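S.K.: Below is one structure. I have some questions about it.
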Ligand SMILES: Cc1ncc(COP(=O)(O)O)c(C=O)c1O
């Protein structure tokens, strides 16, 4: 499939893909955050401008309309990942979604003597919330190793899991290696010992069709800004019966049923988990982003990123002083190291060529320790990436090599 034809008209819809002086910008940091299409910018501008009002409270027409739009955004998120509307909680992003699960479900269901299973490749936002809770409660955190090529080793997970495990929390797609989890098998393994499965879907939703029901997950977390939507919004999906039973984690307006100084009762889920005035314009921006992605087609995006990832891995492997990390079928994200050059230096020189990559530990320090490096260089793709970005990356690496002798 020649997926490059997909890109040309799409690229023009992203004003952020030009440099300040109007040159093409080779943006290879979509794994950190995606550029925004004009339809998302317009949706947020409208929501903050001509359509702006609060939700859930106003008795006037504008507020009622905004409430309808906000709840329609929730329906769109639900439809996008195969969940039901009442199972979607808007959060500030994946980080807050995972903290919500830890502080609400975790605090209510985990006790000393229990165990949870994470993996070596997790983002800090799927490690630290569990450590904070562990330090309060005293359960144990086990760490699933990786296969030699850098996937979560589900055979090892199967051997490690016991009835003491109450939760398995894995990245659906690694933000460093692009490794794609066999999520269905992870769910089966977790459920076989009576544990719940939480998937960190941050890097999966922009590049994989996701159906939480077909996977059999219990919790699914993601951020809008990696899916071409705004920052400051994301979602937690939780299976209905689990969400219904979870206690509130933050108190304030909107999440209540009745408040007296003696006793407060709470709204049903998902409202119970959305204390305070929500991120209204951002929710509408997320809905616009999903509409945009669905308009192109997640399967098409998936094939396009597959093509770009394969080409990049091949091009980098042809350089005998470059180490490419992660499995051959990693998706959308390629981490690598150029011998003798710190990733930050490489990133700085590439920047002079209008190529933007990420250099660092990618909020995955345990994975860096496992790889035996302090940092990697990372190229990550989006809908708008094309062969010219790969060519510019390769040319920039060659120039760096010349500079470093
Ligand atoms: C796999 C993964 N999980 C979680 C996060 C955290 O997302 P956010 O900072 O939007 O909450 C990221 C962001 O880099 C990520 O890539």
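Readers should treat all values here as calculations from the given coordinates under stated rules, not as data from a laboratory. What you see is a predicted model; the values in this text were computed from it and never measured. Because the Cβ atoms are built from the backbone with ideal geometry, glycine has one as well, and the counts that use them run over all protein chains shown.
S.K.: Report the semi-axes of the equivalent ellipsoid for region 232-335 in whole Å, largest first, where each axis is √(5λ) for an eigenvalue λ of the Cα gyration tensor.
M.R.: Values: eigenvalues 403, 57, 31 Å².
Ellipsoid half-lengths, sorted descending, are 45, 17, 12 Å.
S.K.: Sticking with this one: Need the full-extension length gain, residue 85 to residue 321, defined as separation in residues times 0.36 nm minus the C-alpha distance. One decimal, nm.
M.R.: Contour length minus the Cα-Cα distance gives 80.0 nm.
S.K.: Can you give the angle from 0 to 90° between the axis of helix 298-317 and the longest principal axis of the chain, with both taken from C-alpha atoms, to the nearest 10?
M.R.: The two axes meet at around 40 degrees.
S.K.: Give, in nm to one decimal, the length gained when the segment between residue 54 and residue 245 is fully stretched (0.36 nm per residue of separation minus the Cα-Cα distance).
M.R.: 65.9 nm
S.K.: Oh, and also: Zone of residue 137 (label point 7 Å along Cα→Cβ, backbone N under 17 Å): which residues in region 104-131?
M.R.: 104-119, 126-131
S.K.: How large is the convex hull of the Cα atoms of region 148-259 per residue, expressed in Å³ as a whole number?
M.R.: Details: hull volume 14.8 nm³, N = 112.
Hull volume over Cα atoms, normalised by residue count, gives 132 Å³.
S.K.: For helix 280-296, what angle does its Cα long axis make with the longest principal axis of the chain, in degrees from 0 to 90 and rounded to 10?
M.R.: Approximately 50 degrees, to the nearest 10.
S.K.: Here is a further query. Take every DSSP beta bridge with both residues inside region 137-296 and express the antiparallel ones as a percent of the total, to the nearest 5.
M.R.: Values: 10 of 18 bridges.
Counting only bridges with both partners in region 137-296, antiparallel ones make up about 55 percent.
S.K.: Given 20 °C and 1.002 mPa s, compute D for the chain with the Stokes-Einstein relation, Rh being the Kirkwood radius over Cα pairs; round to the nearest whole µm²/s. Walk me through the intermediate numbers first.
M.R.: Numbers: Rh = 22.1 Å.
Using the Kirkwood radius from Cα pairs, D works out to 97 µm²/s.
S.K.: Further question on the same structure: I'd like the antiparallel share, as a percent to the nearest 5, of DSSP beta bridges with both residues in the chain. Could you put the intermediate results ahead of the total?
M.R.: Working: 25 of 44 bridges.
Here the share of antiparallel DSSP bridges comes out near 55 percent.
S.K.: Another question, then. If I take R0 = 41 Å and measure r between the Cβ atoms of residue 342 and residue 112 in this structure, what FRET efficiency does the formula 1/(1 + (r/R0)^6) give, to the nearest 0.05?
M.R.: 0.40
S.K.: Determine, from the Cβ-Cβ distance of residue 42 and residue 404 and an R0 of 45 Å, the FRET efficiency 1/(1 + (r/R0)^6), rounded to the nearest 0.05.
M.R.: 0.50
S.K.: Also: On a C-alpha basis, how far is the centre of region 226-304 from the centre of region 42-70 in Å? Whole number, if you could?
M.R.: Here the answer is 17 Å between Cα centres.
S.K.: On to the next question. Once the Cα atoms of region 24-88 are picked out, what are the Rg and Dmax in Å?
M.R.: 15.5, 48
S.K.: If every alpha-carbon in region 1-126 counts as one equal scatterer, what log10 I(q)/I(0) does Debye give at q = 0.12, 0.18 1/Å?
M.R.: After summing over all Cα pairs, the log10 values are -0.80, -1.21.
S.K.: When the chain is treated as a GNM, springs tying every alpha-carbon pair under 10 Å, which of 143, 334, 40 comes out with the largest mean-square fluctuation?
M.R.: Looking only at 143, 334, 40, the largest GNM fluctuation is found for 143.
S.K.: 222 nm [θ] for the chain, helices only, -39500 (n - 2.57) per DSSP H run of 4+, per residue, to 500?
M.R.: -11500 deg cm²/dmol
S.K.: Mind checking which of 89, 39, 168 has the largest fluctuation in a GNM of the chain, springs on alpha carbons under 10 Å?
M.R.: 39
S.K.: Specify the residue with the greatest mean-square fluctuation among 370, 26, 165, computed from a Gaussian network of the chain linking alpha-carbon atoms under 10 Å apart.
M.R.: 370
S.K.: For the pair residue 62/residue 156, report the inter-label distance in nm, with labels modelled 7 Å from Cα in the Cβ direction.
M.R.: 5.6 nm
S.K.: Let me ask something else. Quick check: convex hull of the Cα atoms in region 247-405, volume per residue, rounded to a whole Å³? Let's see the in-between values first.
M.R.: Details: hull volume 29.1 nm³, N = 159.
Residue-normalised Cα hull volume stands at 183 Å³.
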